[in-house]
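The values are calculated or read from the model by the stated rules, or taken from the named source; none is laboratory data. For clarity, every value in this text was computed on a predicted model and none was experimentally measured. Cβ placement follows ideal geometry from the backbone for every residue including glycine, while neighbour counts extend to all protein chains displayed. All accessible areas refer to the heavy atoms of the entire protein, side chains included, with ligands and DNA or RNA removed. Shrake-Rupley method; radii C 1.70, N 1.55, O 1.52, S 1.80 Å.
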Amino acid sequence: MSFATRLHSNAIGWLLPALVIAGWEIASRAGVMPANVLPAPSAVAEAFWRLTLSGELVRNIGVSTARALAGFAIGGSIGFALGLANGLSTISRGLTDTTLQMIRNIPHLALIPLVILWFGIDEEAKLFLVALGVFFPIYVNTLLGIQSVDPHLVEMGRVYGMDRRALFFRVILPGALPAIFVGLRYALGIMWLTLIVAETISASSGLGYMAMQAREFLLIDVVVLSILIYALLGKLADSLARLLERLSLGWHPAFQNG
Amino acid sequence: MTAASLAAARSFVATPVRPIGSVEGQRAFAFRQAGKRFGDKTVLDGIDLDVPAGQFLAVIGKSGCGKSTLLRLLAGLDRPTSGSLTFGVEEEGHSRTRFMFQEPRLLPWASVVKNVEVGLTGVASGAEARQRALDILGEVGLADRADEWPSVLSGGQKQRVALARALVGHPQILALDEPLGALDALTRIEMQQLLERIWIAQKFTAVLVTHDVAEAVALADRVVVISEGRIALDLDVPVERPRRRGSVELARLEGKILDRLFG
């Protein structure tokens, strides 16, 4: 696909949101939509400008992003490591998989009361929840990816004299990568979701906190702005993951000619 | 060995000199009363097979007769449960046994040339490995596809890459497990000719497991028929090369083997 056509197909994706915003603005101006239910996009844009000038917005986005990434790094790396270990070693899997599957079935947000009791409303609480939320999709998909590597290819690697290290890096890991990417994208979604909930319930900074403060003072435009920024951050994270996917899965028929 | 003959041994086609197993009568491998059991199922029993270096041996049998197991023993994928398997002298610069599977088994995430380099694992790496891989890709007629992904190749081309991967390390023994079984009839004949040409040039010992009797007599110096885990027939094919497909002589041998299989 050429650059021009790619730009074109990307533009099509943004057409619908643009139309919705235009319709929304018209509805607000015509008075169909009362400002205390949903403020006009122009009012939200104004709030955006106001908060940008005061530095509040950048600071809160920064705080939230740092939390999200730190939680993701912790939960993701533990999930990846355990997924690898359990995919490669039956002993490790026998030892830990049952326990992990049990924990997986607890909605991690149900732990919020307990987490607040343990950590208060400090950073640890948010990190813990995000890490826990991110852990499972990465773990489950890494394990699945390794288990679904074609055993014929592994046998071929052995016959051709690959040692364990070469076998892992040249056969098993690349074979598991498509599934790992599915886990990554899923985890990024959960990362934002968890953070929003955690910040809304207990925080003294960050986007969720900003939204809750705005609610206290009935600043609906700021509440809507926070929600929109979450949507944009989520989309940004997903796009980054897709880019990584395209770069590293060029061999995959699904990513050719695309 | 002089420097010149060493160079000839390393180059792939070039000379009609037999670079591998050049000493007449040297043995490639020998099974002595070898058997293989899985649980209480005996797959191979009392196999005696002595194969001189450079021979093209075809192994035929109905499915489930144990012919693939024989090949797996040879490739070291399994160990015999009784008897022994001994190999001839290992020559320097050659990998001992290479295996070509029924399916191409190429790594989909590695380019064609990288896949061929897998055949040099532990033998060569870096620029040297790439050069040797490109050379052999030229031999199988795929030099211009070196940097493509395997997924864009046809079935026959994939098997040619697999053949290049098996041969790039100059194996002493090449074990082929029905590698042409899944190809269409015309591609198959093309692959047989390619295999024969490379075998004549490189003179490795070839062990071809097949269920196609015509293929066996067209390619092999010697055909072994396995039935119920035992060698039922051991037949030389004393026909000059190049062989003409469908000649009376080959047809007579083919008939003899088929009689043995179904008689």
Just to be sure, is A:Asp221 open to solvent by 20 Å² or more (accessible area, probe 1.4 Å) and either within 14 Å of chain B (Cβ to nearest Cβ) or at positive phi (or both)? no
The number of residues in region A:49-60 that are part of a helix (DSSP H, G or I) and surrounded by fewer than 18 Cβ atoms within 10 Å (Cβ to Cβ) is 8
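Keeping to region B:194-220, report how many residues are within 15 Å of B:Asp236 (Cα to Cα) and part of a loop (DSSP other than H, G, I, E, B).
Narrowing region B:194-220 to residues within 15 Å of B:Asp236 (Cα to Cα): B:206-208, B:213-220.
Restricting the remaining residues to those that are part of a loop (DSSP other than H, G, I, E, B) gives B:220.
Counting residues in region B:194-220 that are within 15 Å of B:Asp236 (Cα to Cα) and part of a loop (DSSP other than H, G, I, E, B) gives 1.
Please indicate, with yes or no, whether at least one residue in region A:210-222 is hydrophobic (A, V, I, L, M, F, W, C) and touching a Phe, Trp or Tyr at 6+ places or on another chain (Cβ under 7 Å).
Applying the first criterion (hydrophobic (A, V, I, L, M, F, W, C)) to region A:210-222 yields A:210-212, A:214, A:217-220, A:222.
Now narrow it down to the ones that are touching a Phe, Trp or Tyr at 6+ places or on another chain (Cβ under 7 Å): none.
Within region A:210-222, not a single residue is hydrophobic (A, V, I, L, M, F, W, C) and touching a Phe, Trp or Tyr at 6+ places or on another chain (Cβ under 7 Å).
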Restricting region A:225-251 to residues that are over 20 Å from A:Ala187 (Cβ atoms) and of a type outside the set (A, V, I, L, M, F, W, C), the one nearest to the other protein chains (Cβ to nearest Cβ) turns out to be A:Gly250
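Look through B:Ser82, B:Ser125 and report the one residue that is more than 19 Å from the chain's Cα centre (by Cα) and either outside the structural domain of B:Ser227 (by TED's automatic domain parsing) or among the acidic types (Asp, Glu) (or both). Steps first, please.
Numbers: B:Ser82 fails: either outside the structural domain of B:Ser227 (by TED's automatic domain parsing) or among the acidic types (Asp, Glu) (or both).
The unique qualifying residue is B:Ser125.
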Within region A:97-125, of all residues that are open to solvent by less than 40 Å² (accessible area, probe 1.4 Å) and among the β-branched types (Val, Ile, Thr), the one farthest from the chain's Cα centre (by Cα) is A:Val115
The correct count of residues that are touching a helix residue (DSSP H, G or I) at 6+ places or on another chain (Cβ under 6 Å) and either open to solvent by 10 Å² or more (accessible area, probe 1.4 Å) or modelled with pLDDT of 95 or more (or both) in region B:179-191 is 2
The one condition B:Leu120 fails out of (1) within 22 Å of B:Phe204 (Cα to Cα); (2) of a type outside the set (Lys, Arg); (3) assigned by TED's automatic domain parsing to the domain that holds B:Ile60 is (3)
Checking A:Val159, A:Val171, A:Val154 in turn, the sole residue that is without any contact (Cβ under 8 Å) to a residue 24 or more places away in the chain, open to solvent by less than 10 Å² (accessible area, probe 1.4 Å), of a type in the set (A, V, I, L, M, F, W, C) and within 13 Å of another protein chain (Cβ to nearest Cβ) turns out to be A:Val171
Does B:Leu250 count as over 17 Å from the mean Cα position of the chain (by Cα), at negative phi and either open to solvent by less than 20 Å² (accessible area, probe 1.4 Å) or in contact (Cβ under 8 Å) with a residue 60 or more places away in the chain (or both)? yes
Only unsatisfied item for A:Ala176, checking (1) under 20 Å from A:Val134 (Cβ atoms); (2) within 14 Å of chain B (Cβ to nearest Cβ); (3) open to solvent by 10 Å² or more (accessible area, probe 1.4 Å), is (3)
By residue number, the members of region B:162-178 that are more than 13 Å from chain A (Cβ to nearest Cβ), in a loop (DSSP other than H, G, I, E, B) and either open to solvent by less than 10 Å² (accessible area, probe 1.4 Å) or not acidic (Asp, Glu) (or both) are B:His170, B:Gln172
Counting only strands (runs of 3 or more DSSP E) entirely within region B:1-110, those with at least 1 residues that are away from chain A (no Cβ under 14 Å), surrounded by 13 or more Cβ atoms within 10 Å (Cβ to Cβ) and modelled with pLDDT of 85 or more are B:27-38, B:41-52, B:56-60, B:82-87
